[in-house]
1. For region 48-247, build the charge dipole from Cβ charges (+1 Lys, Arg; -1 Asp, Glu) around the Cα centre, then report which of His244, Gly233, Met134 sits farthest towards its positive end.
2. For region 128-137, what does the Karplus curve 6.51 cos²θ - 1.76 cosθ + 1.60, with θ = phi - 60°, yield as ³J(HN,Hα) per residue in whole Hz, taken in order and with x for Gly and Pro?
3. Just to be sure I understand the model, the point goes 7 Å from the Cα along the line to the Cβ. What's the resulting Ile201 to Lys141 distance in nm?
4. Any idea what log10 I(q)/I(0) is at q = 0.11, 0.15 Å⁻¹ for region 48-247, Debye with uniform C-alpha scatterers and no solvent?
5. On a full-extension model of 0.36 nm per residue, what is the gain between Asp388 and Leu130, subtracting their alpha-carbon distance, rounded to one decimal in nm?
6. For region 54-62, just list the computed ³J(HN,Hα) in residue order, Karplus coefficients 6.51, -1.76 and 1.60, θ = phi - 60°, integers in Hz, with x standing in for Gly and Pro.
7. Give the long-range amide H neighbours of Asp212: residues separated by 5 or more places, or on another chain, with amide H under 5 Å away, using H modelled in the peptide plane at 1.01 Å from N.
8. List, in order, the whole-Hz ³J(HN,Hα) value for each residue of region 98-109 obtained from phi through the Karplus relation with A = 6.51, B = -1.76, C = 1.60 and θ = phi - 60°; use x for Gly and Pro.
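Here, each number is a calculation from the coordinates, and none is a lab measurement. No experiment lies behind these values; they were computed from the predicted model shown. Please note: Cβ atoms are built from the backbone with ideal geometry, for glycine as well, and neighbour counts cover all protein chains shown.
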Amino acid sequence: MNHFKKYVLLFLLLWVSKNSAQEKKDFMETTGKVTNEAITDTLPKDRKKNYNRWSLNLNGGINVGIRPFTTGYYATTPNYISNPNLNHYDFNIRKMFNTKFGLRLGFVYDNFKAETKSPPFDNNMYRVDLQGVMNLHRIMKWEEFTDTFGWQFHFGPGFSFLEAPTTKTFSNYDNIFSIVGGTTFLVKVSNRWALSADYTIISNLTHHVTLDGQTKLDPSLSRTGTVYNTSLGITLYLGKKQKHADWYWEKNTTKREYNHLLARIEDLENKIAEKGDLTEEVKNYINNNYGDLQNTVNNFNDNYTNVQMKNMINGQYVNVFFDFDETRITPGSISAINFLIKYLNANPNASVDVIGYADELGDFNYNINLSKRRAERVMEMIVRSGIDAKRLKLVVKGEDNSVPKESKLARQLVRRVAFKVSE
C-alpha cells in the first residue's frame with residue numbers, strides 16, 4: 001500500500017476514534033477553548049482508572065442506643081427537629097478500587113447520656129471500623145437519568161471502646177467487637193464535593209457491661225447490643241483527575257461510537273486485504289466515510305490558529321507513524337513533522353516533548369529501546385530543519401496498548417512518535 005495514503009488513513013481513524021461528529025465540528029471551529037483534558041474525556045477510560053479514587057468524609061448526627069441498658073436507665077434520644085442534640089461524629093477515609101467497589105476506614109465517636117427520668121450517667125464510646133463500600137447507583141446505572149444523586153451501601157467489622165467504670169478491661173473501657181452496616185445517599189455539589197446522609201446499624205457482639213456502664217453482663221447470657229446512627233455530612237474528593245469514581249462512567253454513546261469504529265476498521269482491513277492496495281473502490285469508501293484524503297493532506301497546515309495547532313499537537317492528533325519493528329520515518333508522516341516545525345517556527349519560545357511509542361509485540365526492554373530510537377530519529381529530522389536541539393526533550397514510553405489488540409490496522413496506530421508542546 002502506498003505509505004502516504006496508508007498513514008493518512010491511520011491518522012483519520014485515530015481522529016474519528018477520539019471525537020464524535022459534533023465534537024469534531026466543535027474542535028475545528030474552536031478559538032482555543034478545547035483542552036487536552038476535554039478531548040480525552042470522551043474516551044472509554046474506565047479500564048485505565050482515569051478517575052480519582054480517594055475521598056474524605058466527615059459526618060455529624062445522632063445515635064440511638066437500643067440495648068443493653070441497666071433496668072431503670074435510659075439514654076437521651078435526640079431528634080434533628082425537636083431535640084437537635086448532636087451526640088455522634090464520624091470521619092472516614094475511602095479508596096475505590098473501581099467505580100463500583102471500594103474500602104473505607106472509619107473513626108467514630110458516640111455519647112450516651114441519661115435522660116431526665118433515668119439515674120445519671122454520661123458515657124462515651126469510640127469505634128474504628130473497616131468496611132467495604134458498594135456504589136449502588138453505578139451498579140443500577142443511575143447515570144442514565146441523573147448525574148447528581150448517588151446511593152452507597154457499606155458493611156464490615158468494627159472494634160468499639162465503651163467507657164465503663166465497672167470494668168478494668170482496657171483501663172476502664174469495655175472492648176466490643178461489632179458488625180457495622182448502613183446506607184449513604186449522596187448529592188454531588190461539584191466534582192470535588194458531595195453532601196451525604198447516612199443511616200448505620202451497629203450490632204455489638206461482645207458487651208461486658210451495659211451501655212450506661214453501670215452493670216456487668218453475665219457471660220453465660222447474650223452480650224449483644226444495638227446502636228443506630230443517623231448523620232449528615234460532607235465528602236471531599238481527592239486527586240488530579242476530573243471526576244471521582246463515584247461519578248465517573250463511560251457514556252453509552254461513546255461505547256457505541258467506539259464499537260462502530262472497530263467495525264469500520266475491520267471493514268477497511270478486509271477490503272484492503274482483498275484488493276491488496278487502495279483501489280478505486282476502497283478510495284471511494286474512504287472518501288465517502290472520512291472525507292477527501294488529498295484535500296485533507298493539502299490543507300493540513302492551513303487555516304489553524306496557534307492555539308488550535310497547539311491543541312491538535314497536545315491532543316496527539318499529529319503523529320509520526322512507523323512500520324512494524326522499524327525506525328525509518330515513512331513518507332506519509334512528513335506532513336506531521338512539518339506541522340510541528342511550522343508551529344515551533346511561529347512560536348520561538350515553545351519547547352516540545354518528543355514521545356516515542358511501540359506496539360505490544362516484543363518484550364519490555366526491546367520496546368523501550370525501539371520507541372527511544374524512533375523518537376531520536378524524529379528529533380534528528382526536526383533539528384535538521386533548523387530547530388534548536390535545546391527546545392526538544394526526549395520522552396520514552398515503550399509499549400502503548402491504548403488500541404484494541406484484535407485489529408492489526410489499529411495496532412499500527414501506536415507505532416508512532418507523538419508530541420507535547422509547552423511555552
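1. Of the listed residues, the answer is His244.
2. Karplus-based 3J(HN,Hα) across region 128-137 equals 10, 9, 10, 10, x, 10, 10, 7, 5, 5 Hz.
3. A separation of 3.1 nm, rounded to one decimal place.
4. Log10 I(q)/I(0), no solvent term: -0.55, -0.89.
5. Taking 0.36 nm per residue and subtracting the Cα distance, the gain is 87.2 nm.
6. Coupling constants for region 54-62: 9, 8, 10, 9, 10, 10, x, x, 10 Hz.
7. Hits under the 5 Å cutoff: Thr70.
8. Per-residue couplings from phi come out as 8, 6, 10, 10, x, 9, 9, 10, x, 10, 10, 10 Hz.
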